[in-house]
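Q: Below you'll find the structure I mean.
The values are calculated or read from the model by the stated rules, or taken from the named source; none is laboratory data. Small disclaimer: the values here were computed from a predicted structure and weren't measured. So basically every Cβ, Gly included, is an ideal-geometry build from the backbone, and we count neighbours across all protein chains shown.
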Amino acid sequence: MGNIRSLQKAFEYLGQPVTVSAEARTAESADVLLLPGDGAFARAMEELKERNLLDAIYAAHEKQKILFGVCIGFQLLFESSTEFTLAHGLGLLPGKITRLEKTPQSPVIPHIGWTSTHFTAQSKLGRGLPENAMFYYVHSYALRERHEYATAVASYGQLFTAAIEHENIYAVQFHPEKSHRHGLTLLKNFLDQL
C-alpha cells in the first residue's frame with residue numbers, strides 16, 4: 001500500500017534491486033522482506049490476509065530472515081492498533097499502536113513533516129547520522145512510548161518510538177525514502193546489515 005515504488009527506487013539508487021510482489025511464493029523465497037505502506041492499519045492487515053502473505057511473513061520471521069517495516073509496515077509488526085477499531089497486528093513485537101493526542105506542541109493531527117529523530121549510540125540504522133537528524137513523517141498513530149527495543153525516538157507533543165532494531169527486525173515510523181540524504185544514509189546502513 002502507498003509508498004512501495006518510492007521505497008523501491010531509493011533501494012535501486014543505492015544499487016540494491018528489489019522485487020515487488022503480492023505472491024506468497026515470491027515472498028517465501030525472498031532473503032529479506034520489506035513491509036512498506038501508507039494508509040489504515042486494519043486495511044493493511046486485510047490486504048496481507050487476502051494475498052495469503054501472513055504465513056510467508058511468519059515463516060520468514062521463524063527462519064530469522066530480516067524484516068524491514070516502514071510507516072504502516074512498522075506499526076503492523078506490533079500486537080494491535082486502535083485506528084478506527086481495535087485491529088490485531090502481526091504480533092512480532094509487544095506493544096499497541098494508539099492515536100497521537102492534540103497538544104499545544106502538536107495542534108494538528110496527522111503529524112506531517114520533518115521532525116528531529118534521536119538515535120541511540122547502539123543503533124545500526126542511525127550510524128553516521130547527526131544527533132538531531134531530520135526525517136519525514138506522515139502518521140496519526142504511533143507507539144506512544146519508548147519501546148524496550150527502540151533505537152530512535154521522536155516527539156510531536158508526545159514522545160513516540162521512531163525506530164526499532166531487534167534480532168531480525170528493523171522498522172521505522174518515518175519515511176526514509178522521502179527523507180533525502182539522511183534517509184539514504186539510513187537505507188545504506190540497513191543494506192550494510194545484510
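Q: Only one residue in Arg146, Arg127, Arg181 is surrounded by fewer than 16 Cβ atoms within 10 Å (Cβ to Cβ) and assigned to a helix (DSSP H, G or I), so which one is that?
A: Checking each option against the conditions leaves just Arg181.
Q: If a residue has to be aromatic (Phe, Trp, Tyr) and closer than 17 Å to Val18 by Cβ to count, how many in the stretch 143-194 make the cut?
A: Residues flagged as aromatic (Phe, Trp, Tyr) and closer than 17 Å to Val18 by Cβ within the stretch 143-194 amount to 2.
Q: Oh, and also: Going through the stretch 24-39 one residue at a time, which ones are surrounded by 13 or more Cβ atoms within 10 Å (Cβ to Cβ), part of a loop (DSSP other than H, G, I, E, B) and at pLDDT 90 or above?
A: Within the stretch 24-39, just Ala30 meets the criteria.
Q: State yes or no: is Ala60 surrounded by 15 or more Cβ atoms within 10 Å (Cβ to Cβ) and closer than 25 Å to Lys96 by Cβ?
A: In short, yes.
Q: Can you tell me which residue among Tyr136, Tyr170 is under 21 Å from Met45 (Cα atoms) and either in contact (Cβ under 8 Å) with a residue 24 or more places away in the chain or in a strand (DSSP E or B) (or both)?
A: Going through Tyr136, Tyr170 in turn, just one is under 21 Å from Met45 (Cα atoms) and either in contact (Cβ under 8 Å) with a residue 24 or more places away in the chain or in a strand (DSSP E or B) (or both): Tyr170.
Q: For the stretch 79-118, which positions are over 28 Å from Ala59 (Cβ atoms), touching a helix residue (DSSP H, G or I) at 6+ places or on another chain (Cβ under 9 Å) and surrounded by 15 or more Cβ atoms within 10 Å (Cβ to Cβ)?
A: Passing the criteria: only Thr117.
Q: Looking only at the stretch 88-115, how many residues end up being of a type outside the set (Val, Ile, Thr), farther than 23 Å from His166 by Cβ and in a strand (DSSP E or B)?
A: Total meeting the criteria: 5.
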